1. Taking all protein chains in place and a 1.4 Å probe, what share, in percent, of the accessible surface of the range 28-99 do carbon and sulfur account for?
2. Using the Karplus curve 6.51 cos²θ - 1.76 cosθ + 1.60 with θ = phi - 60°, what ³J(HN,Hα) values do you get for each residue of the range 22-28, in whole Hz, with x for Gly and Pro?
3. Could you give each residue of the range 70-84 its phi-based ³J(HN,Hα) in whole Hz, using Karplus coefficients 6.51, -1.76, 1.60 with θ = phi - 60°, and x for Gly or Pro?
4. Would you please give the residues with an amide H less than 5 Å from that of Ser27, counting only those at least 5 places away or on a separate chain, with H modeled from the backbone geometry?
5. 222 nm [θ] for the chain, helices only, -39500 (n - 2.57) per DSSP H run of 4+, per residue, to 500?
6. Would you tell me the accessible area of Arg77, worked out with a 1.4 angstrom probe on the heavy atoms of the protein chains, in Å² to the nearest 10?
7. Here are several values of Rg and Dmax of the Cα atoms in Å: (i) 18.7, 58; (ii) 12.6, 39; (iii) 17.4, 53. Which one was derived from the coordinates shown?
8. Over the range 74-118, give the accessible area per residue in Å² for a 1.4 Å probe, as an integer.
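The values are calculated or read from the model by the stated rules, or taken from the named source; none is laboratory data. Computed from a prediction, not measured in an experiment: that's the story for all the values here. With ligands, DNA and RNA removed, areas are computed over all heavy atoms of the protein, side chains included. Shrake-Rupley method; radii C 1.70, N 1.55, O 1.52, S 1.80 Å.
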Amino acid sequence: MTDLTPYQIAMLLKGPGPLWLVGIDLSGANLIKANVGGANLIRANLSGATLFGADRSRADLSGAILSGANLRMANLRGADLRGADLSGANLRGALLSGSILSGAILTGATMPDGTKHS
């Protein structure tokens with residue numbers, strides 16, 4: 001996994017997209033309202049990251065670690081979340097239409113309607 005400074009993360013997000021961030025370590029990163037729609041984040045570590053209101057539409061997050069991430073109000077429409085670890089993630093108000101969630105781990109996640117997944 002690659003470690004990036006907050007400045008490097010900000011510069012990446014300001015660049016032209018879509019982003020190719022396979023296996024990147026963004027654990028604990030502050031990505032509030034970040035636009036990474038269509039990004040390739042396969043096996044990325046986003047555990048504990050704050051992604052409130054972020055655009056992750058059409059992003060490939062298959063196998064990504066999103067445990068404990070704040071995805072509240074995030075746009076995940078059409079995102080590929082196959083095999084992603086979303087345990088304990090906050091998905092309240094997230095847009096998930098057209099997302100692929102097969103094999104995703106949702107234990108303890110707060111779902112878009114506010115219910116806890118068991």
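1. It is 45 percent, rounded to a whole number.
2. Once θ is set to phi - 60°, the couplings for the range 22-28 become 4, x, 5, 9, 10, 4, x Hz.
3. Those phi angles translate into 9, 10, 4, 6, 6, 8, 10, 4, x, 6, 9, 10, 4, x, 6 Hz.
4. So Ser27 has HN proximity to Ser47.
5. About -2000 deg cm²/dmol.
6. Counting only protein heavy atoms, Arg77 exposes about 110 Å² to solvent.
7. (ii)
8. Numbers: 2090 Å² over 45 residues.
Counting only protein heavy atoms, the per-residue value for the range 74-118 is 46 Å².
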